[in-house]
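**Student:** Next up is a structure, given as structure tokens.
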Amino acid sequence: MENSLLIGLSRQMTLRREMDVIANNLANMNTVGYKEETPVFEEFIMPTARQDSADSKLSFVSDVGMYRNMADGGLTTTDNTLDFALSGAGFFQIETDDGTFYTRNGHFQLNAEGQLSTPDGGLVLSDGGAPISFTAEDGAIVVASDGTISTDSGSRGKLAVMTFENPREMRKVGNNLLQTNEEAQPAQASTIVQGALESSNVNAIEQMTSMIEVLRSYTSANKMIETAEDMKRKAISAIAGQQA
């Protein structure tokens, strides 16, 4: 009976983890460039739960990682010259005081020095690894689909769009930024759309359906635990009655 309790608790722990991920996906439905996440679980086999257990093996649930859906989100037109949407694989490269990070959020602006930056102050880098600067004389800023930046005063370089061997392993660090230890490579098949932003790829209906399924599974696991507890209490009462 204690084995049943342990198995039920392991299931509830993973269901709670899954519910947290679903809630985070729903909370980021309107976050620019956000990618839907799904927890990954696997069966964990133990020969026994306790040294004196009579069971030959026990099946638990183990939380082993996270799957990030890297499919493109829809494009939302903003007509803002400094908004850029990415289509295809790749990330904008951002330099901050804490190091180099990456994002799909192309909502940029010009800081006090005329440098292209994120709203939080991170500097958007060119394919040469340098900040991108503009002056008042530059006039209109035009970015081609390959990231080449042009102004009335001439070229201002090219936006860096980088890819990685395994982008699903990238770690979130806040402010819609990602970090990785993998070596960045220039993206070959990505396209930049000026005056637009990439929407989140979260499917609200699917997430709500998953939330309902998780709630039902959690209730089922809870009933199993309550049944095991009830059997344990009855067994203890029966033994106590026999001894009396």
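Taken together, the values in this text are just the output of simple stated rules run on the coordinates, not laboratory data. On a predicted model such as this, the values are computed, not experimentally measured, just so you know. Heads up, the Cβs are rebuilt from the backbone with ideal geometry, glycines too, and the neighbour counts pull from every protein chain shown.
**Student:** Just grab the label-to-label distance for T227 and R68, each label 7 Å out from Cα along the Cβ direction, in nm (one decimal).
**Tutor:** So the two model labels end up 4.1 nm from each other.
**Student:** How are the alpha carbon pair distances in region 75-198 distributed across 5 Å bins from zero to the largest one, expressed in percent?
**Tutor:** Pair shares across the bins are 2, 12, 22, 26, 21, 11, 4, 1, 0.
**Student:** I'd like the distance between the alpha-carbon centres of region 171-227 and region 119-166, rounded to an integer number of Å.
**Tutor:** Each part reduced to its Cα centre gives a spacing of 29 Å.
**Student:** Something else: Using the basic label-point model (7 angstrom from Cα toward the beta carbon), what is the K172 to L9 distance in nanometres?
**Tutor:** Rounded to a tenth, the inter-label distance reads 2.8 nm.
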